[in-house]
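Trainee: My structure is below; once you've seen it, I'll send some questions.
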Amino acid sequence: MMTNIQKAMLYMGLSELIVLSSLSHSIAVYMNVQMAFLSALFVILGSSYAYKSMVIGKIDNTQEGDEVASKRELLDTIEDPHELYDDKDVSNTPTKDLQSVVKEERAKIKTVSVESLKHGVRGASSFFRLIPYAFLVLGFIALQNNGLLDIGIYLPSLLLGIIAGSVSAKELF
């Protein structure tokens, strides 16, 4: 029985064999395919790992019954975001004028806060996300500067890395 790491390495190895087969055409084709494959693979694996780490950190920091129990279930929130189908008796509810309703709804609108900005920056600035994107950009520039870049080969080759990265990430993370 193979472990998850062995399965992921098998998928990446088989993908690399496909990339190596492009060497039979020319070195320029091989360089484009290899750079696109590795860039997409690293981006998918890095993002998957960073996302998993962020979710685990959030779960570890959340006290049981604290934030999770107070929120409505996710499915209920998606299906009925304004609680229109709740079992409330509306016959006894006082009616409100339009201006008060508008004021209440404006108060509910989320503005950009320091907390939401900090959360977004923390997720986007993960080491495991920045390094793969730097590899992608620098590899693209290196191919372009050396006259090897062929967009017709490079862009479809990203698909191979995306597929290999997605399948491997499911096994690894």
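Trainee: If the Cβ limit is 8 Å and pairs must be 6+ apart or interchain, which residue in the stretch 31-45 that is surrounded by 22 or more Cβ atoms within 10 Å (Cβ to Cβ) pairs with which residue that is not in a helix (DSSP H, G or I)?
Mentor: So the pair list comes out as 32/148; 32/149; 32/150.
Trainee: Within the group 161, 123, 139, which residue is modelled with pLDDT of 95 or more and under 25 Å from residue 49 (Cα atoms)?
Mentor: Every option except 139 fails the conditions.
Trainee: Are there any pairs with C-beta distances below 6 angstrom linking a residue in the stretch 6-21 that is more than 14 Å from residue 35 (Cα to Cα) and assigned to a helix (DSSP H, G or I) to a residue that is at pLDDT 90 or above and polar (S, T, N, Q), with the two at least 6 apart or on different chains, and if so which?
Mentor: Matching pairs, first to second residue: 8/168; 11/168; 12/168.
Trainee: What are the residues in the stretch 137-157 that are in contact with a Leu (Cβ under 9 Å, 6 or more places away or on another chain), surrounded by 18 or more Cβ atoms within 10 Å (Cβ to Cβ) and part of a helix (DSSP H, G or I), if any?
Mentor: 139, 143, 154
Trainee: Still on this structure, I have one more. Out of all the residues in the stretch 68-111, which are in a helix (DSSP H, G or I), hydrophobic (A, V, I, L, M, F, W, C) and modelled with pLDDT under 75?
Mentor: Answer for the stretch 68-111, where residues must be in a helix (DSSP H, G or I), hydrophobic (A, V, I, L, M, F, W, C) and modelled with pLDDT under 75: 74, 75, 78.
Trainee: Separate question: Have a look at 9, 31, 35 and point out the one that is modelled with pLDDT under 90 and either among the aliphatic types (A, V, I, L, M) or out of contact with any Gly (no Cβ under 6 Å at 6 or more places or on another chain) (or both).
Mentor: Unique residue meeting the criteria: 9.
Trainee: Additional query: Just need a number here: residues in the stretch 164-173 that are assigned to a helix (DSSP H, G or I), under 14 Å from the mean Cα position of the chain (by Cα) and in contact (Cβ under 8 Å) with a residue 60 or more places away in the chain. Reasoning before the result, please.
Mentor: First pass over the stretch 164-173, keeping only residues assigned to a helix (DSSP H, G or I): 164-172.
With the extra rule that they be under 14 Å from the mean Cα position of the chain (by Cα), the set shrinks to 165-166, 169-170.
From what's left, in contact (Cβ under 8 Å) with a residue 60 or more places away in the chain: 165-166, 169.
Total satisfying the criteria: 3.
Trainee: Considering the stretch 122-169 alone, what residues qualify as being more than 30 Å from residue 7 (Cα to Cα) and β-branched (Val, Ile, Thr)?
Mentor: Answer for the stretch 122-169, where residues must be more than 30 Å from residue 7 (Cα to Cα) and β-branched (Val, Ile, Thr): 141, 151.
The values are calculated or read from the model by the stated rules, or taken from the named source; none is laboratory data. What you see is a predicted model; the values in this text were computed from it and never measured. Ideal geometry is used to build each Cβ from the backbone, glycine not excepted, and the neighbour counts take in all protein chains shown.
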